[in-house]
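Structure record follows, encoded as structure tokens.
Derivation of every value follows stated rules applied to the coordinates shown; laboratory data play no part. These figures come from a predicted structure and were not determined experimentally. Here the Cβ is made from the backbone with ideal geometry for all residues, glycine too, and neighbour counts use every protein chain on show.
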Amino acid sequence: MNSRLSIPNVDPELAAALQVALDGTPSPITLDYIPGKRAEDWQTSDLARAAAQARGVRVEEYDVTTADGATIRLDLLSGPNRSATSPLVYYVHGGGMMLGNRWSGIDVVEDWIHRFNAVVASIEYRLAPEHQYPIPHEDCYAGLKWVADHEHQLGLNAASGLLVGTSAGGGLAAAVALMARERGGPKLAGMMLIAPMLDDRSGTMSAKQYGNGMWSVAENTLGWRSLLGEAGHRAQALPDWAIPGRCDDLANLPHAFIEVGSADMFRDDTVDFASRIWRGGGRAELHVWSGGFHGFEVLSHTLIAQSAVHARNNWLQRLLGVPESPPTH
């Protein structure tokens, strides 16, 4: 019996693009790396904000009071035709629970402002390891609750909209969906989880195959330990929403769009999460992109990344039931 681990190939176009972009060598994240990377994230985000405004996106800043009495920032992004029927897109950024800010990866959702007249709300949740469970979860939930409670003043429709999260943001978006189910709202029409960070255990076959990839087992372990702290030692006793991949009951969640690459260590956790939504009687559309590694969509010139964007837009058009307007920028 052959004990050698079989590893499916990465998409050739992605592999070539990665070689050019990163010299083919991922940089593992450590605690020492975090301060410098956060500073870089803010520099990049300043550029992203300026670019969005140059494309006609209106940006409004609001302060939200959290469960522990702190104040965090929420940005609202909208286009010139915003109205009371504009669907909410509540965006939770990625970064392994330790990195990123409310403008990180915003291009994933900004296009929907132009295509679907959506209003994007992006929350500045507090990061681990300085702020551990349940603070990031409660921050994300508080932001959604605030937007839903003020939808008329803000000029949007929360119930017709969706939660969106990438990587760690996908895990937190799933957590918020579970919190909203437990707490009786806010109710949304859908949720989109892009390569979500759902489970702290890293025990799947895909983690073994790709544990040294673009997001490694070591980085995953660091992210979850930073988030959970001492609570991680009693994970089984935590609420269902604390670690969504451990939640047994995934019934009565919003209609889900879930995607992951086949060369991502999160592949098996993601497929299992979608399967358990189906077992609970829910609706989930699952895309596993052959040869896609974690974060492959940032290589936007590749055919596989373009296919992923097309699939998201197609699903959104079906979910929202509104005509798609080609972007003008």
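Before moving on, here are some points about what is shown:
- Cross-link partners of Lys145 among aspartates and glutamates, defined as those whose alpha carbon lies under 20 angstrom from its own and excluding same-chain residues fewer than eight positions apart: Glu60, Glu61, Asp63, Asp68, Asp75, Glu124, Glu182, Asp240.
- Annotation: region 12-320 has a Kirkwood hydrodynamic radius of 19.3 angstrom, from the mean reciprocal C-alpha pair distance.
- The modelled label-to-label distance for the pair Val322/Val288, using points 7 Å beyond Cα in the direction of Cβ, is 3.4 nm.
- Coupling constants for region 251-267 follow from the phi torsions by the Karplus curve (6.51 cos²θ - 1.76 cosθ + 1.60, θ = phi - 60°), and in residue order they are 6, 6, 9, x, 3, 10, 10, 10, 9, 6, x, 5, 9, 10, 4, 7, 3 Hz; glycine and proline get x.
- Taking each residue as 0.36 nm, the span from Asp46 to Asp68 lengthens on full extension beyond its C-alpha to C-alpha distance by 5.1 nm.
- Spherically averaged projected area in nm², based on the convex hull that wraps the Cα atoms of region 185-329: 10.3
- Proximity of backbone amide H atoms, modeled 1.01 Å from N, is registered between Val89 and Val119, Val120, Ala121, Leu162 at under 5 Å, excluding neighbours fewer than 5 places apart on the same chain.
- Reach of Lys208 by Cα under 29 Å, taken over lysines that are not fewer than 8 positions away in the same chain: Lys37
- Equivalent-ellipsoid semi-axes for region 166-224 (Cα gyration tensor, √(5λ), whole Å, largest first): 27, 11, 9.
- Proximity of backbone amide H atoms, modeled 1.01 Å from N, is registered between Gly291 and Asp11, Ser262, Ala263 at under 5 Å, excluding neighbours fewer than 5 places apart on the same chain.
- His150-Ser83 pseudo-label distance in nm [points 7 Å out on the Cα-to-Cβ vector]: 2.4
- Label-to-label distance, Asp240 versus Val217, with points set 7 angstrom from Cα along the beta-carbon direction: 3.0 nm.
- Across region 106-119, rounded Karplus estimates of 3J(HN,Hα) from the backbone phi angles (6.51 cos²θ - 1.76 cosθ + 1.60, θ = phi - 60°) give 5, 4, 4, 10, 4, 4, 6, 4, 7, 6, 10, 6, 6, 10 Hz, Gly and Pro being marked x.
- As a calculated quantity, the FRET efficiency between Asp32 and Val59 at R0 = 41 Å, using C-beta atoms, amounts to about 0.80.
- Judged by the mean number of other Cβ atoms found within 10 Å, the most tightly packed of the peptides 118-124, 38-44 leads the ranking 118-124, 38-44.
- 3J(HN,Hα) couplings calculated from phi for region 139-145 with the Karplus curve 6.51 cos²θ - 1.76 cosθ + 1.60 (θ = phi - 60°) are, in sequence order, 4, 5, 5, 4, x, 5, 4 Hz; Gly and Pro show x.
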